[in-house]
């Protein structure tokens, strides 16, 4: 097990998302990363060349590598979240290329919700715009530990050191208001590949690493909570001798064979008999592994229950405060019934109080605005019909996040972080 765990950690997985305003070059940047790391299949490359030729463009339109929908290729914009996988000898990556348009902010949240790192592109010729601020704040609110501002299109300002430093200073002033502590800045040209995979000889004044070097070497092990043991039960294995086995994804901490554990909400105490992955038994499991946990005692547990430590349990409550981003075109209604999803548990809830809305440009509070519409970020208090086992979002992203669902249409209307 020690060898398999070592290889798991050595070849760790970095999830990152791209964000920024329209035409800042997000899809081109991801296309450049895939192209320069030779992570594109020959048939895919041939297809992109044909589409580029039809559009009358010379060479390869790198943005088409991530614009997977027909509408995206025809309109030249990103609509949906495009997920791409690639790997280098040092690390594996999952990219979420998200839309820049204001009306697709909800898609950006979807892509960023599981990310370790956010690449926020800024067009050096346009500077900081509202979507730069919005996406920065959402990345911070979602608990993303690392933000890399990619100052793009440096070729359009003749690779000017002064332009880069001026924009960097403005971004530093804004990002100082965010909760994210690790903020970095890279000058680049995604179109020409400067400082993406290879160092640019046109910006010798820049002494930092390339984007790929940053992605390969950024430390993410401490991003996960390996202290507070949390295992939300997703599926009960109920067949013969396996009645005391429960499948799910570890949401925090480290579970080991023989550990004493407590089951919520019953507070029954037992021990772990064994832990299995899909193909073998293992000695320990940690976030974000998906495993089956077998218990020594046959105790009644259902989906939505949680396995924790006897001396370290989450807060059990029906009332909590949350910061949410409203995703629906229909405005939020006070005292309307919504469904609330938390880990594998679901119940009914209503919004008891609207505390304030965030002005995305200044990050100041607006306390008298009661009309909450699409993409608004607000702090609210919630009352639920059933108790939930929650942690603060800044302590555990898995057990500190919720979504609200319209009970009639089953459409997700908000994504929230428990405070």
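The values are calculated or read from the model by the stated rules, or taken from the named source; none is laboratory data. Because the structure is predicted, anything quoted here is derived from the model rather than measured. Every residue, glycine as well, gets a Cβ built from its backbone with ideal geometry; the counts of neighbours run over all protein chains shown.
If only residues of the range 328-351 that are over 19 Å from residue 392 (Cα atoms) and without any contact (Cβ under 8 Å) to a residue 40 or more places away in the chain are counted, the one that is surrounded by the fewest Cβ atoms within 10 Å (Cβ to Cβ) is 335.
If the condition is being farther than 20 Å from residue 214 by Cβ and in contact (Cβ under 8 Å) with a residue 12 or more places away in the chain, then the range 161-178 contributes 163, 170, 174, 177.
Can you confirm whether residue 402 is crowded, with 20+ Cβ neighbours inside 10 Å, outside the structural domain of residue 133 (by TED's automatic domain parsing) and free of Cβ contacts under 8 Å to residues at least 60 places away in the same chain? The answer is no for residue 402. The listed residues are 203, 262, and the only one of them that is touching a strand residue (DSSP E or B) at 6+ places or on another chain (Cβ under 6 Å), modelled with pLDDT of 95 or more and part of a loop (DSSP other than H, G, I, E, B) turns out to be 203. For the range 231-243, the condition of being surrounded by fewer than 17 Cβ atoms within 10 Å (Cβ to Cβ) and part of a strand (DSSP E or B) holds for at least one residue. Against the test of being assigned to a loop (DSSP other than H, G, I, E, B) and either without any contact (Cβ under 8 Å) to a residue 60 or more places away in the chain or within 15 Å of residue 97 (Cα to Cα) (or both), the options 109, 147, 128 yield a single qualifying residue, 128. Summed over the range 295-327, residues that are part of a loop (DSSP other than H, G, I, E, B), closer than 22 Å to residue 266 by Cβ and in contact (Cβ under 8 Å) with a residue 40 or more places away in the chain total 12. Take the conditions (1) in a loop (DSSP other than H, G, I, E, B); (2) under 18 Å from the mean Cα position of the chain (by Cα); (3) surrounded by fewer than 18 Cβ atoms within 10 Å (Cβ to Cβ); residue 222 misses just one of them, which is (1).
Pick from 134, 199: which is within 29 Å of residue 222 (Cα to Cα) and surrounded by 20 or more Cβ atoms within 10 Å (Cβ to Cβ)? Talk me through it step by step, then tell me what you get.
Working: 199 fails: surrounded by 20 or more Cβ atoms within 10 Å (Cβ to Cβ).
When all the criteria are applied, what remains is 134.
Determine, yes or no, whether residue 168 is assigned by TED's automatic domain parsing to the domain that holds residue 15, more than 30 Å from residue 266 (Cβ to Cβ) and assigned to a loop (DSSP other than H, G, I, E, B). Answer is no for this residue.
Pick out the one residue from 268, 287, 292 that is within 15 Å of residue 233 (Cβ to Cβ), in contact (Cβ under 8 Å) with a residue 24 or more places away in the chain and touching a strand residue (DSSP E or B) at 6+ places or on another chain (Cβ under 6 Å). Answer to the selection: 292.
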